[in-house]
Amino acid sequence: MVPQSISDIGELIGMSAADILSTKLGGTRWYIPTTIPAEHAIAQAIGTDQAATLAEFKGGTTLEIPRNLGGARDRRNAEIVARAGRGEKSRDIALSMGLSQRQIRYILRKTITR
């Protein structure tokens, strides 16, 4: 599930840019200037066009950018399912992804039963 504040930002700059913003800068607080220069971390993360739109609507405020783990977790889980589907052993998947074998089995069980 996407945090509400990411959805709100997504309505301004698009969900793709909001997802990138939360992935790269999530968990931090940023002052949003009324003009965001190209070298600013936000512009570097989402591009100058989306940064300008964000500044237009949120300039002069402080923005808490939440971590959006849902998207990253969903991508990780999809990779786990795909690798298991190709016959890769859960031990090898766990070791390469920094997870336990138990977690891999849980993800596979949870995903397959949906």
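Return yes or no: is ARG105 more than 28 Å from ALA17 (Cβ to Cβ) and either of a type in the set (Lys, Arg) or modelled with pLDDT of 95 or more (or both)? Explain how you work it out, then say what you get.
Details: more than 28 Å from ALA17 (Cβ to Cβ): yes; either of a type in the set (Lys, Arg) or modelled with pLDDT of 95 or more (or both): yes.
The answer is yes for ARG105.
Of all residues in the range 32-43, how many are exposed (fewer than 15 other Cβ atoms within 10 Å of the Cβ) and within 19 Å of ASN68 (Cα to Cα)? Going through the range 32-43 one residue at a time, the tally reaches 1. Every test in (1) closer than 17 Å to ARG73 by Cβ; (2) not in a helix (DSSP H, G or I) is passed by ALA18 save one, and that test is (2).
In the list GLU56, GLU64, which residue meets the criterion of being within 17 Å of the chain's Cα centre (by Cα) and either on the phi > 0 side of the Ramachandran plot or without any contact (Cβ under 8 Å) to a residue 60 or more places away in the chain (or both)?
On the way: GLU56 fails: within 17 Å of the chain's Cα centre (by Cα).
From the options GLU56, GLU64, the qualifying one is GLU64.
Does GLY14 count as under 28 Å from ILE107 (Cβ atoms) and surrounded by fewer than 17 Cβ atoms within 10 Å (Cβ to Cβ)? Talk me through it step by step, then tell me what you get.
Working: under 28 Å from ILE107 (Cβ atoms): no; surrounded by fewer than 17 Cβ atoms within 10 Å (Cβ to Cβ): yes.
Considered against the rule, which asks whether it is under 28 Å from ILE107 (Cβ atoms) and surrounded by fewer than 17 Cβ atoms within 10 Å (Cβ to Cβ), GLY14 comes out as no.
Tallying residues that are in contact (Cβ under 8 Å) with a residue 24 or more places away in the chain and assigned to a loop (DSSP other than H, G, I, E, B) within the range 21-45 yields 5. The set of residues in the range 1-11 being in contact with an Asp or Glu (Cβ under 9 Å, 6 or more places away or on another chain) and either surrounded by fewer than 19 Cβ atoms within 10 Å (Cβ to Cβ) or part of a loop (DSSP other than H, G, I, E, B) (or both) consists of VAL2, SER5, GLY10.
The values are calculated or read from the model by the stated rules, or taken from the named source; none is laboratory data. As the structure is a prediction and not an experimental result, all values here were calculated from the model. Positions of Cβ are backbone-derived with ideal geometry, glycine not excepted, and every protein chain shown enters the neighbour counts.
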